[in-house]
Amino acid sequence: MESVLQSVQGFMYPNEVELQWGILIVLYPFTTGLVAGAFILASLERVFNVEAVKPTYRLALLTALAFLLVAPLPLQLHLGHPERSLEMYLTPHTESAMAMFGFVYLWYLMVVLVLEIWLDYRKDIVLMWRESSGPTRWLYGAMALWSDNISPASLALDDRIGRALTVVGIPSAFLLHGYVGFIFGSVKANPWWSTPLMPIVFLFSAIVSGIAAVMLVYMVTAWWRERAFDMGCLDTVARYLFYAFMIDFSLEMLDLIHRIYEADESFRALDFMVHTRLYTSQVLVQILAGTIVPLGMLGLVQLVQLSEKARRRIYAMAGVLTLIGVFAMRWNVVIGGQLFSKSFLGYTSYKMNFATREGLLPAILLLILPFVILAVLIRLLPPWKVQRHGAGVSG
Amino acid sequence: MNPDRRAFLQKTGKLLVLSASASVAWEAIVAGRPETAENYKMSDHWWGMVIDIDVCIGCGSCVRACKEENDVPREPLFFRTWVERYQVTPDDLEHPTVDSPNGGYDGFPVKDKVDEKVKHFYVPKLCNHCHQSPCVQVCPVGATFVSPDGVVLVDKTYCLGCRYCVQACPYGCRFIDPRTETVDKCTLCYHRITKGLTTACCETCPTGARQLGDLKNPKDPIHEFLREHHVLVLKPQMATGAKVYYNGLDGSVR
């Protein structure tokens, strides 16, 4: 405790010295961002019939589901009284932005994602139900809700409903992540957060991170299965990533320029923070390594004819750097917003523990967990064509 | 008795009993937890405070009394009220030097050299009991609320410990009590003021720099004080409806 006090520079209100939100709250916008972004990429294929990105469609949906299942866990772990969290559903305070989280989350999880995945996979599930035996047969039977109707008429109906759901899903994905931005953007007490641009910046960085994640997951799974990459698909996904990144970068720069030019009462304090305690994570990691470098790499592919091998390497590196950059952006918003005093007269620092409830270890585990879930989902619901006994090719 | 009439009477009887219990339950819900004091009516009061910076000597009695009275954790990171010392150079009003060692609990160390050009003064801080409070707005379960008599309170049996309210308070008046993992803040000594007493901080202030006021009581001296002094609230640009009024508040105070 004394060491926290010693790290204070200038003056903090006494209750402000210890940070309230740590790395777990950094994970929350990061994971929900991946969900929203992955879903929006999937929707492109479905709604706008972009054939080129088809190989990533199901993978994107499963990635979105895997991350969405994990998204509330860091919040739950962070609460002082997790056993009371159900009260948010039972007795929500309707004026609170946070109270609406549960409803937006449930709507998105159940209505949009689960239903859409189910409709898309229903034929496969029924086929797997017919072909499997033992507990697997029971599992697929339950997943098919014990209805094996896969007549052309019923599949056509699935498709119609699925398309309608995707159309509803896009604004829902925007809502899910725009709303996460709103949680921060609406805190008028904190000038680092309080801007109406926050939901929009969060949304576009979410799209960027989601596309990058799906691109990487596609590359890793193709490599794992020893299949050739569909370069047409990768090139298209990387192009979308580049466009989304350009918009995201412009918005973030707009926010930055606006802050510098307006230079309100908080500017001096925030400017000092960016040049000192936040320099590495904001300037070096987020802006330089996590934005300008991958943007330059992706831009290069648009301008110069490069070999397939070079493009693959660029996409992999740009994807990883993008995810690091977006994670750094979430870090800088959440942690950066608490490093300075609301008196604008001083700074504190974030002491991250390792093996504690809100430490680095649970954060790492929570980042690995979605990939474990994704592996299970992929095994259960293969997103690619599977050779079946007797049934030929499906999916 | 005619079976129809019996059924009718039975139904009516049940209905009467049910509506009586419902109305009792409703009363309890609407009124929250009725105060134990028999003569205290929440709707008759609207609490606020005046702080006269010109007479605060920075002794820290209020901080000590508050911690004692309200069982506030003694660590130097948790305060329901604290005192800040400001030192302002007249030609640089925007950048005062401020300190608050242990929240002013032990008073302030005397400076060896007093610079005549620097003005200095003490600013006691506490929850402003805003009636358009951002902390109340953000609570996801409504565990923090403005009572009908204008005091911002927390139901500790309901608080999730999500800390959103701590982020939303512009004045840094909230903290998480490490013993309960729920939020804690100044209650304006609600257990005292509802019994006709003043707050612990006002009670112990040797110079009368802090005065509790009931803005609904026309005879309360707070009205005269507000009329005769140029008072300000902290960070008025936040538009929170703060009810702690400062006399002699310097423009440099944040």
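The values are calculated or read from the model by the stated rules, or taken from the named source; none is laboratory data. None of the values given here were measured: they were computed from a predicted structure. Every residue, glycine among them, receives a Cβ derived from its backbone with ideal geometry; neighbour counts consider all protein chains shown.
Scanning the range B:115-129 for residues that are assigned to a loop (DSSP other than H, G, I, E, B), more than 11 Å from chain A (Cβ to nearest Cβ) and at pLDDT 95 or above gives B:ASN128, B:HIS129. Exactly one residue out of A:GLY102, A:GLY80 is within 12 Å of chain B (Cβ to nearest Cβ) and under 19 Å from the mean Cα position of the chain (by Cα), and it is A:GLY102. For the range A:128-150, filtering for residues that are part of a helix (DSSP H, G or I) and within 17 Å of A:LEU377 (Cα to Cα) leaves 11.
For (1) among the polar types (S, T, N, Q); (2) surrounded by fewer than 18 Cβ atoms within 10 Å (Cβ to Cβ); (3) touching a strand residue (DSSP E or B) at 6+ places or on another chain (Cβ under 9 Å), each residue gets a yes or a no:
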site: A:PHE184; (1), (2), (3): no, no, no
site: A:ALA228; (1), (2), (3): no, yes, no
site: A:PHE245; (1), (2), (3): no, no, no
site: A:GLU252; (1), (2), (3): no, no, no
site: A:ILE260; (1), (2), (3): no, yes, no
site: A:PHE267; (1), (2), (3): no, yes, no
site: A:PHE272; (1), (2), (3): no, yes, yes
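Scanning the range B:52-97 for residues that are away from chain A (no Cβ under 13 Å), assigned to a loop (DSSP other than H, G, I, E, B) and in contact with a Phe, Trp or Tyr (Cβ under 8 Å, 6 or more places away or on another chain) gives B:CYS56, B:ILE57, B:GLY58.
Residue count for the range A:342-377 satisfying the condition of being part of a loop (DSSP other than H, G, I, E, B) and within 14 Å of A:VAL26 (Cβ to Cβ): 4. Considering the conditions (1) at the interface with chain A (Cβ under 8 Å from one of its Cβ atoms); (2) of a type outside the set (Val, Ile, Thr); (3) without any contact (Cβ under 8 Å) to a residue 12 or more places away in the chain, B:CYS159 is excluded by exactly one of them, (3).
Looking at this structure, is B:THR240 more than 15 Å from the chain's Cα centre (by Cα) and either under 30 Å from A:LYS188 (Cα atoms) or in contact (Cβ under 8 Å) with a residue 60 or more places away in the chain (or both)? Judged against the criteria, B:THR240 is not a match.
Test A:ALA142 against the stated conditions and say whether it is small (Gly, Ala, Ser), surrounded by fewer than 20 Cβ atoms within 10 Å (Cβ to Cβ) and without any contact (Cβ under 8 Å) to a residue 40 or more places away in the chain. The answer is yes for A:ALA142. A single entry from A:LEU241, A:LEU234, A:LEU303 fulfils the requirement of being aliphatic (A, V, I, L, M), modelled with pLDDT of 95 or more and exposed (fewer than 13 other Cβ atoms within 10 Å of the Cβ): A:LEU303.
Checked against the criteria, A:LEU361 counts as surrounded by fewer than 16 Cβ atoms within 10 Å (Cβ to Cβ) and either among the hydrophobic types (A, V, I, L, M, F, W, C) or at pLDDT 95 or above (or both). In the range A:177-222, which residue that is closer than 25 Å to A:PRO370 by Cα and among the polar types (S, T, N, Q) is nearest to the other protein chains (Cβ to nearest Cβ)? Among residues in the range A:177-222 that are closer than 25 Å to A:PRO370 by Cα and among the polar types (S, T, N, Q), the one nearest to the other protein chains (Cβ to nearest Cβ) is A:SER205. Every listed requirement among (1) within 14 Å of another protein chain (Cβ to nearest Cβ); (2) more than 21 Å from A:GLY181 (Cβ to Cβ); (3) in contact with a Pro (Cβ under 7 Å, 6 or more places away or on another chain) is met by A:TYR89 save one, (3). Looking for something more than 8 Å from chain B (Cβ to nearest Cβ) and surrounded by fewer than 18 Cβ atoms within 10 Å (Cβ to Cβ) - is there at least one such residue anywhere in the range A:38-47? Yes, the range A:38-47 contains a residue that is more than 8 Å from chain B (Cβ to nearest Cβ) and surrounded by fewer than 18 Cβ atoms within 10 Å (Cβ to Cβ). Out of B:CYS159, B:CYS165, B:CYS173, B:CYS189, one residue alone is assigned by TED's automatic domain parsing to the domain that holds B:MET238 and closer than 21 Å to B:VAL253 by Cβ. It is B:CYS173.
Give B:VAL136, B:VAL141 a once-over and let me know the one that is buried (at least 23 other Cβ atoms within 10 Å of the Cβ), part of a helix (DSSP H, G or I) and assigned by TED's automatic domain parsing to the domain that holds B:LEU188. Break it down into steps so the answer makes sense when it comes.
On the way: B:VAL141 fails: part of a helix (DSSP H, G or I).
Result of the check over B:VAL136, B:VAL141: B:VAL136.
For the range B:205-228, a tally of residues being surrounded by fewer than 18 Cβ atoms within 10 Å (Cβ to Cβ) and touching a residue at least 60 places away in the same chain (Cβ under 8 Å) returns 8. Hey, could you check the range A:67-114 for residues that are crowded, with 21+ Cβ neighbours inside 10 Å and hydroxyl-bearing (Ser, Thr, Tyr) and say which is modelled with the highest pLDDT? The qualifying residue modelled with the highest pLDDT is A:SER96.
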